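The values are calculated or read from the model by the stated rules, or taken from the named source; none is laboratory data. Owing to the predicted nature of the structure, the values given are computational and were not obtained by experimental measurement. Every residue, glycine as well, gets a Cβ built from its backbone with ideal geometry; the counts of neighbours run over all protein chains shown. Areas reflect the complete protein model, heavy atoms only, side chains present, ligands, DNA and RNA absent. Shrake-Rupley method; radii C 1.70, N 1.55, O 1.52, S 1.80 Å.
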Amino acid sequence: MAVSDSVSRLGLDTLHRVPAESRPLVRPGSVGVGIVHLGLGAFHRAHQAVYTEEAIGVAGGDWGIVGVAPRSRSVIDPLAEQDCLFSVTTLSGEGSTTRVVGALAGVRHAAGEPQAVVGLLADPAVRVVTLTVTEKAYQLDPVTGRLRADPEVAADLSTDRPPRTVPGLLLRGLAARAKADAGPVALVSCDNLPANGARLRGLVEQALRQARMPDDVLDWVSTGVTFPGTMVDRIVPASTPETLATAQRTLGVGDLAAVCAEPYRQWVVEDDFPGGRPAWERAGAVLTTDAGAWERLKLRSLNGVHSAIAYLGALAGYATIADALAMPHLTTVLRRLVAEEIAVSFTPPDGVSVAGYGDEVLSRFANPAIRHRTLQVAMDGSQKLPQRILHTVVDLRAAGRSARLTALVVAAWLRFAAGRADDGTALPLDDPLADRIRAALGGAGTPTATVDAVFALDEVFPAEVAADDEFRADVADWLTALGRHGVAATVAGTT
Ligand code: CS2
């Protein structure tokens, strides 16, 4: 159901009609701006915005967020009309609750007003910049360490035109900040990447170097900017008409920027904020000196398993992650994958049992109210597989162990990328490397030839994995089984 024209919209002047328990903790406009966020998707609204609002609510501080949408206006237009208010509906099997969040103090469109965004990044009031720009925005070549050749990025780095890309915005923003000597700032990646802080630092340093920024800017950045690593976690599926309808039913007014999410949330943040930060710990975040072990735990045991369910589930014809878990024997195979392979591939944070964490993850995935589409999780596989699946393979094989079940996930991705579900339905390949993956798959005939062709993509497959004959043979075996028997029978055959 769409919000009809006759329904009043959420905004400061209609807040009094919203039930008291659903009203925001912070009134937009009542706190000053302290944070700029790049990437105003559903995840940011249901995660960092919620933590920040709660932190301001408990401990105060001028930490209002200006949300920047890099390209599309589809979120900022409704938010601008709603005085930056939006709601988060928390969905569980027992029902749902909806609350309006007041953390956003403004919205900006980077493509339409790049200079305003550069100005914000150079504003002394802004001391924290957070990012959710997805894996593919961190365009560093794993082999050369340089920014990947992308014509838009290259134009941002080599000309004075207003920036259009994330590296370009950060480059111009930091140069302007250095010039204005506007005070130190923390740049905080909230994307699902290992060592995301170090990656963001690499991206910024490369951008500065490749754009030949003067030494005084480089010096200022090296002393005035920090890059704390983080682990972010909350399942936030794309909003649907149902999300908007639920929000409207609860709020009594329409909300075109509504998001929904699971009840669970976690945020582990390295505490390195030279200009200060919101009291996120008061909202349940864990502030630490090193988020690395938490990142590995989450990327391998949550996101890796998520991707496994997405590819196997989509091939077997399941539309959502929760539905796919109903596939007979799948849960057993996934629990073995976690216990026998993922859990022995890394050292978890002190006191955490990976098997226990994995079980909790599976029960979160089974939440029937979260209709997270397998195709949503399946997209951008080339950007996700390395940290979710292939690093597990590297570590297992270096320790002389088998990665047999992990190989099933790689085979499922290859079969998914080939574009046909088990019943012949076409599957979309939504991936920045789609053309190259298709080209590699196109020429190949046998499963072994397919593995040879795709493992040659060195942006995806680490050299150790590409050179591992036993692992390649395992993947080819699974591909053969999936081709002959389909997912359901293959999964059943492993137990
Ligand atoms: C998912 C994640 O879309 C995906 O690839 O695996 O977005 C996942 O829902 C979140 O990382 C959960 O924190």
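Quick check on this structure: which one of 320, 289 is open to solvent by 10 Å² or more (accessible area, probe 1.4 Å), out of contact with any Pro (no Cβ under 7 Å at 6 or more places or on another chain) and of a type in the set (Val, Ile, Thr)?
Answer to the check: 289.
Among the numbered criteria (1) open to solvent by less than 40 Å² (accessible area, probe 1.4 Å); (2) out of contact with any strand residue (DSSP E or B) (no Cβ under 6 Å at 6 or more places or on another chain); (3) not assigned by TED's automatic domain parsing to the domain that holds residue 119, which one does residue 6 miss?
(1)
Six or more apart or on different chains, Cβ under 8 Å: which pairs go from a residue in the range 155-170 that's basic (Lys, Arg) to one that's open to solvent by less than 10 Å² (accessible area, probe 1.4 Å)? Could you list them?
Pairs found: 164/110; 164/156.
Among the residues of the range 461-495, which ones are among the polar types (S, T, N, Q) and within 29 Å of the chain's Cα centre (by Cα)?
Within the range 461-495, none qualify.
Does any residue in the range 295-312 that is within 12 Å of the ligand (Cβ to nearest atom) come within less than 7 Å, Cβ to Cβ, of a residue that is among the acidic types (Asp, Glu) six or more places away or on a different chain, and which pairs are these?
Correct list of pairs: 298/233; 302/233.
Given the criteria open to solvent by less than 10 Å² (accessible area, probe 1.4 Å) and in contact with a strand residue (DSSP E or B) (Cβ under 7 Å, 6 or more places away or on another chain), does residue 36 qualify?
yes
Here's the yes/no breakdown for (1) within 27 Å of residue 447 (Cα to Cα); (2) surrounded by fewer than 20 Cβ atoms within 10 Å (Cβ to Cβ); (3) within 15 Å of the ligand (Cβ to nearest atom); (4) in contact (Cβ under 8 Å) with a residue 40 or more places away in the chain:
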position: 342; (1), (2), (3), (4): yes, no, yes, yes
position: 359; (1), (2), (3), (4): no, yes, no, no
position: 363; (1), (2), (3), (4): no, yes, yes, no
position: 366; (1), (2), (3), (4): no, yes, yes, yes
position: 381; (1), (2), (3), (4): yes, no, yes, yes
position: 386; (1), (2), (3), (4): yes, no, yes, yes
position: 407; (1), (2), (3), (4): yes, no, no, yes
position: 417; (1), (2), (3), (4): yes, no, no, no
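Pairs only if they're at least six apart or on different chains, beta carbon under 7 angstrom, first in the range 194-209 and in contact (Cβ under 8 Å) with a residue 12 or more places away in the chain and assigned to a helix (DSSP H, G or I), second open to solvent by 10 Å² or more (accessible area, probe 1.4 Å) and of a type in the set (Lys, Arg); list them, first residue then second.
Every condition considered, the pairs that remain are 206/146.
Could you tell me whether the range 227-239 includes any residue that is within 19 Å of residue 102 (Cα to Cα), touching a residue at least 40 places away in the same chain (Cβ under 8 Å) and not in a loop (DSSP other than H, G, I, E, B)?
Looking through the range 227-239, none of the residues is within 19 Å of residue 102 (Cα to Cα), touching a residue at least 40 places away in the same chain (Cβ under 8 Å) and not in a loop (DSSP other than H, G, I, E, B).
Based on what the data block shows, is residue 373 within 29 Å of residue 90 (Cβ to Cβ), open to solvent by 20 Å² or more (accessible area, probe 1.4 Å), touching a residue at least 24 places away in the same chain (Cβ under 8 Å) and within 15 Å of the ligand (Cβ to nearest atom)?
In short, yes.
Only one of (1) farther than 18 Å from residue 387 by Cβ; (2) open to solvent by 70 Å² or more (accessible area, probe 1.4 Å); (3) under 30 Å from the mean Cα position of the chain (by Cα) is not met by residue 426, so which one is it?
Just one mismatch for residue 426, condition (2).
Among the residues of the range 229-256, which ones are more than 16 Å from the ligand (Cβ to nearest atom), among the charged types (D, E, K, R) and open to solvent by less than 10 Å² (accessible area, probe 1.4 Å)?
The one that is more than 16 Å from the ligand (Cβ to nearest atom), among the charged types (D, E, K, R) and open to solvent by less than 10 Å² (accessible area, probe 1.4 Å): 255.
Tell me which residues, restricted to the range 113-146, are within 25 Å of residue 180 (Cβ to Cβ), touching a residue at least 60 places away in the same chain (Cβ under 8 Å) and of a type in the set (A, V, I, L, M, F, W, C).
Residues satisfying the conditions are 117, 120, 121, 122, 125, 126, 128, 129, 131, 133.
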